[in-house]
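Engineer: So that we are looking at the same thing, I have put the structure below in structure tokens.
Throughout, read-outs are computed from the coordinates displayed, never taken from laboratory work. Computed from a predicted structure; not experimentally measured. All Cβ positions, even for glycine, are placed from backbone atoms using ideal geometry, and neighbour counts span all protein chains on display.
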Amino acid sequence: MERTVEPELMEREDQVISYAKADFSDGENNLINQINYYLIKNNINLNDKELIVDLGCGPGNISEKLSIKWPKAEVVGIDGSKEMIRVAELNKKNSSNPSQLKNLRYMCADIKSLKSSDISLEKNISLLVSNSLIHHITYLDDFFYCLEKLSSKLTINFHKDLKRPNDEKSALHLKEKCAEKYNDILTNDYYASLKASYTSKELKNFIFENKLSSLEVFEEGDQYLVIYGKV
Ligand SMILES: C[S@@+](CC[C@H](N)C(=O)[O-])C[C@H]1O[C@@H](n2cnc3c(N)ncnc32)[C@H](O)[C@@H]1O
């Protein structure tokens, strides 16, 4: 199936509210466990000097989980949508245990114009994460250029996203399954996201052609893909 680009930022209020209200906690917990497993396997300990950045953080679900999992690290969630950042700040404020999130802050910025000096002057990023961001980015160059700009030689990258289905029939099947659980706005957004997603072949080719060979791509089940490693 050909890729159909969708708008990068999620800015409509109804879209943001539907997304923020949905429960994606199983997938989010799974991502945190995967990152943790990767760090343990590579003997990496995140201590109080470390900086974790969550790109395209949306309403902050992953950012909050990262800051609870690594309470000594500083966590920065970044999104280009003012409405998403507004909801993320609100979620942080209304958290059942706000003191758990005191190591978390948010920034409204487009990843295409982001520089590491925008985030922190003193610290290198130890862990650079994103979830469900890559398919929003119109050109892969912009996504990987951002990783290159923000990463040092030590930065661990971990980026998870949807994988584009092979054909329209499979995309419609996934859309129907989504509709059983979520409202129309979210279901239509999900369908647009599936069509905007990349394939692992496209990602692997980009990585190969741009000599980013320390990054690995793997498919997780039939719906997701993960890019991990160093830039
Ligand atoms: C599908 S949401 C994922 C939110 C969150 N990572 C999660 O897993 O719940 C994608 C987010 O990426 C943001 N985004 C898309 N393109 C972006 C860009 N160029 N710069 C910054 N944020 C962007 C959107 O505004 C949206 O909030």
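Engineer: Go through the residues of the stretch 180-189 one by one and say whether even a single one is more than 14 Å from the ligand (Cβ to nearest atom) and in contact with a helix residue (DSSP H, G or I) (Cβ under 8 Å, 6 or more places away or on another chain). Let's see the steps before the verdict.
Structural biologist: Within the stretch 180-189, the first condition is being more than 14 Å from the ligand (Cβ to nearest atom), and the residues that meet it are 180-181, 183-184.
Subset that is in contact with a helix residue (DSSP H, G or I) (Cβ under 8 Å, 6 or more places away or on another chain): 183.
The answer is yes; a qualifying residue exists.
Engineer: Regarding the stretch 126-145, can at least one residue be identified that is charged (D, E, K, R), within 19 Å of Lys204 (Cβ to Cβ) and near the ligand (Cβ under 9 Å from one of its atoms)? Give the derivation first.
Structural biologist: Filtering the stretch 126-145 for residues charged (D, E, K, R) gives 141-142.
If we keep only those that are within 19 Å of Lys204 (Cβ to Cβ) too, we end up with 141-142.
Among the residues that remain, those that are also near the ligand (Cβ under 9 Å from one of its atoms) are: 142.
Within the stretch 126-145, one or more residues are charged (D, E, K, R), within 19 Å of Lys204 (Cβ to Cβ) and near the ligand (Cβ under 9 Å from one of its atoms).
Engineer: Any idea which of Ile85, Ile111 is among the aliphatic types (A, V, I, L, M), within 8 Å of the ligand (Cβ to nearest atom) and closer than 21 Å to Met10 by Cα? Can you show your working first?
Structural biologist: Details: Ile85 fails: within 8 Å of the ligand (Cβ to nearest atom).
Criteria check complete, one pass: Ile111.
Engineer: At least 3 residues that are loosely packed, with under 14 Cβ neighbours inside 10 Å and on the phi < 0 side of the Ramachandran plot in each: list the helices (runs of 4 or more DSSP H) lying fully within the stretch 1-108 that qualify. First the steps, then the outcome.
Structural biologist: On the way: elements: 13-21, 25-41, 61-69, 82-93.
Here the list reads 13-21, 25-41, 82-93.
Engineer: Examine the stretch 40-53 for a residue that is within 16 Å of the ligand (Cβ to nearest atom) and either closer than 24 Å to Ile17 by Cβ or in contact with a His (Cβ under 6 Å, 6 or more places away or on another chain) (or both), and state whether such a residue exists.
Structural biologist: No, the conditions are met nowhere in the stretch 40-53.
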